[in-house]
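Trainee: Dropping a structure here in structure tokens format, bear with me for questions.
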Amino acid sequence: MDTITRQIAEYASSLTFGELDTATVQAATQRLIDALGCALGASDCEPAQIGRRIAQGQAPGQYRGTVICHGGEAPLEIASFINSAMIRNLDFNDRYPGGHPSDCLGGLLAFAGATPVDGRRFLAAMTVAYEIFARLADAAKLSRRGWDQGFGIALSTTAALCNLLQLSCEATAHAVGIAATSSLPLRVTRSGELTPWKNVATAYSVRNGVFAALLAREGMIGPGNAFEGRNGLWENVTGPFELPAFPNQGGEPLTPKVQIKYWPVETNGQPVIFAALKLRDLVKPHELKTIEVFTSKFTWFEIGSEPEKWDPRTRETADHSLPYMLARTLVDGTLSVASFHEEAVLDPALRPLMAMIKVTVDDAIEALLPDMALRVVATTHDGARHVVEVGNPLGHPNNPMRDEHVSEKFAALARPVIGETRSADALAQWWRLRDAADLRPLIKLLDLNR
């Protein structure tokens, strides 16, 4: 068993609620409620419909899972896929540099909806996923090497479910080995013209992570040297690295550093919306002649470097398009889930405004990372020049959302789906998650047809 596998397995198989600090418990509760709101907002998305059709044609198996929002049961790995597809679909869920750890929650919620799990046990397992994902993202830097976040999502889901299943360190290590050797997806998923697979790729990884845990529970022996062995991750992809110590080993808790999104767009687009609102207060869209956006290299690469971003044809491309989100906000005065409906994305009247937008890498802004910054310089037809700047947007770990912000976001997504009264009741009970003896009643509060 190699060092990384053992380190992850020992943490995942041993962590209890009593070891969590207050900030981590509060942060985890915030992020869970945030993810649940995202799922409600996309409860009838196409990936969820597809997954439900698959589940309805499959014979019952030993391991059952609950499909949140819809209340039905399915094989655990299929229910996990559906849940994570809903959490991820709006691109509104949380983010740590390198990916979206709340994608892992679909598998844990599927299990907790069908099997008695108390709130403290759930929060401990959830923290396993978040702390492992963040450390892998920081140490392996796979997204910067052209690999997708599904590696960390699958492995973190596996470890967290092993914690919920209360597997031994040895069995957990086998599950981690299975997930680590079979889950290295390509980042092409998030390049060029994006398809709905962008919002499903990590749900697929969650499904694989759940299956790895179930295989290990039933006795499958996995490779113990996925990281350090011959032809392992170190040799083939990353080179050697070390994981920082986990919190119960004296390390820093990273769960509170996971960013919660205020707007339903890619993370690097968050300051774009705030900047557009500031600019809109100074000038009307029809008065503009040129707009230059100064940002970091990664933001330019992700949402402002490809021609497809100046003429998005899909919702997935639009929510990763700096020109679209800036122009849409300038025209509408806000940005919402409805901003990415097909008629809005394909709006021909928006193209001339998008065409005047230029995105430029600014070394000074690059040097500020991981703090975020954005500067917009706009000129009007009469020669006036306007400059707006935005620092860490609301939700960034250095400008965190408060409980009331998370509640407002949840309510805005949930009310149109389950109504105001039930939204308020669900929110109140999920905030008391740590004291829940069984999560199944809380999960049923989210059912659309309750």
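Trainee: Restricting the search to the range 237-260, which residues are part of a helix (DSSP H, G or I) and surrounded by 24 or more Cβ atoms within 10 Å (Cβ to Cβ)?
Mentor: If the condition is that a residue be part of a helix (DSSP H, G or I) and surrounded by 24 or more Cβ atoms within 10 Å (Cβ to Cβ), then T255 is the only one that fits.
Trainee: Here are I87, I8, I50, I78: which of them is at pLDDT below 90 and within 19 Å of A154 (Cβ to Cβ)?
Mentor: The unique qualifying residue is I8.
Trainee: Specify the residue that is farthest from the chain's Cα centre (by Cα); the eligible residues are those in the range 361-375 that are more than 16 Å from E292 (Cα to Cα) and among the acidic types (D, E).
Mentor: By that ranking, first place goes to E366.
Trainee: Collect the residues in the range 312-337 that are more than 20 Å from the chain's Cα centre (by Cα), surrounded by fewer than 17 Cβ atoms within 10 Å (Cβ to Cβ) and either among the small types (G, A, S) or more than 19 Å from V376 (Cβ to Cβ) (or both), keeping them in residue-number order.
Mentor: R313, G333
Trainee: On the given criteria, is E308 surrounded by fewer than 21 Cβ atoms within 10 Å (Cβ to Cβ) and closer than 25 Å to H100 by Cβ?
Mentor: Here the answer is yes, as E308 does meet what is asked.
Trainee: So, in the range 423-450, of the ones that are among the acidic types (D, E) and in a loop (DSSP other than H, G, I, E, B), which residue ends up farthest from V25 (Cα to Cα)?
Mentor: D447
Trainee: Tell me, please, whether a residue that is in contact with an Asp or Glu (Cβ under 6 Å, 6 or more places away or on another chain) and either assigned to a loop (DSSP other than H, G, I, E, B) or among the aliphatic types (A, V, I, L, M) (or both) can be found in the range 60-80.
Mentor: There is at least one residue in the range 60-80 that is in contact with an Asp or Glu (Cβ under 6 Å, 6 or more places away or on another chain) and either assigned to a loop (DSSP other than H, G, I, E, B) or among the aliphatic types (A, V, I, L, M) (or both).
Trainee: Among W234, W263, which is under 30 Å from V388 (Cβ atoms) and either in contact (Cβ under 8 Å) with a residue 60 or more places away in the chain or assigned to a helix (DSSP H, G or I) (or both)?
Mentor: W263
Trainee: Have a look at T202, T195 and point out the one that is under 30 Å from K309 (Cβ atoms), β-branched (V, I, T) and open to solvent by less than 30 Å² (accessible area, probe 1.4 Å).
Mentor: On inspection, the qualifying residue turns out to be T202.
Trainee: Within the range 70-89, track down each residue that is closer than 20 Å to I418 by Cα and open to solvent by less than 20 Å² (accessible area, probe 1.4 Å).
Mentor: Within the range 70-89, I82, N83, S84, A85, M86, I87, R88, N89 meet the criteria.
Trainee: Next question. For a quick check of your reading of the model, give me the residue pairs whose first member lies in the range 271-289 and is on the phi < 0 side of the Ramachandran plot, whose second is part of a helix (DSSP H, G or I) and open to solvent by 50 Å² or more (accessible area, probe 1.4 Å), with beta-carbon atoms closer than 7 Å and at least 6 apart or on different chains.
Mentor: Sorted first by the residue in the range 271-289, then by its partner, the pairs are P285/V331.
Trainee: Just give me the residues in the range 205-219 being open to solvent by 40 Å² or more (accessible area, probe 1.4 Å), closer than 19 Å to S156 by Cβ and more than 21 Å from the chain's Cα centre (by Cα), in sequence order.
Mentor: L215, R217
Trainee: In the range 92-106, is there at least one residue being part of a helix (DSSP H, G or I), of a type in the set (A, V, I, L, M, F, W, C), touching a Leu at 6+ places or on another chain (Cβ under 7 Å) and closer than 19 Å to A27 by Cβ?
Mentor: Yes, the range 92-106 has at least one match.
Trainee: Looking at the range 220-235, which of the residues that are in contact with a Gly (Cβ under 9 Å, 6 or more places away or on another chain) and not hydrophobic (A, V, I, L, M, F, W, C) is surrounded by the fewest Cβ atoms within 10 Å (Cβ to Cβ)?
Mentor: E235
Trainee: Answer yes or no: is there a residue in the range 108-128 that is more than 13 Å from the chain's Cα centre (by Cα) and among the polar types (S, T, N, Q).
Mentor: Checked against the condition, which is being more than 13 Å from the chain's Cα centre (by Cα) and among the polar types (S, T, N, Q), the range 108-128 yields at least one hit.
Trainee: Within the range 146-162, does at least one residue satisfy the condition of being open to solvent by 10 Å² or more (accessible area, probe 1.4 Å), within 30 Å of A338 (Cβ to Cβ) and of a type in the set (F, W, Y)?
Mentor: No: the range 146-162 contains no residue that is open to solvent by 10 Å² or more (accessible area, probe 1.4 Å), within 30 Å of A338 (Cβ to Cβ) and of a type in the set (F, W, Y).
Trainee: Okay, moving on. Right, L161: touching a helix residue (DSSP H, G or I) at 6+ places or on another chain (Cβ under 8 Å) and in a loop (DSSP other than H, G, I, E, B) or not?
Mentor: The answer is no for L161.
Trainee: A follow-up question, please. Pick out the one residue from T189, T157 that is within 17 Å of the chain's Cα centre (by Cα), of a type in the set (V, I, T), at pLDDT 90 or above and at negative phi.
Mentor: The conditions single out T157.
Trainee: Of all residues in the range 392-411, which are part of a helix (DSSP H, G or I) and either in contact (Cβ under 8 Å) with a residue 24 or more places away in the chain or open to solvent by less than 40 Å² (accessible area, probe 1.4 Å) (or both)?
Mentor: If the condition is that a residue be part of a helix (DSSP H, G or I) and either in contact (Cβ under 8 Å) with a residue 24 or more places away in the chain or open to solvent by less than 40 Å² (accessible area, probe 1.4 Å) (or both), then D403, H405, V406, S407, K409, F410, A411 are the ones that fit.
The values are calculated or read from the model by the stated rules, or taken from the named source; none is laboratory data. Predicted model, so just to flag it, every value in this text is computed and none were measured. Methodologically, a virtual Cβ is constructed for each residue, glycine included, from the backbone with ideal geometry; neighbour enumeration extends over all protein chains shown. Side chains are part of the model used for accessible areas, which takes the heavy atoms of the whole protein and leaves out ligands, DNA and RNA. Shrake-Rupley method; radii C 1.70, N 1.55, O 1.52, S 1.80 Å.
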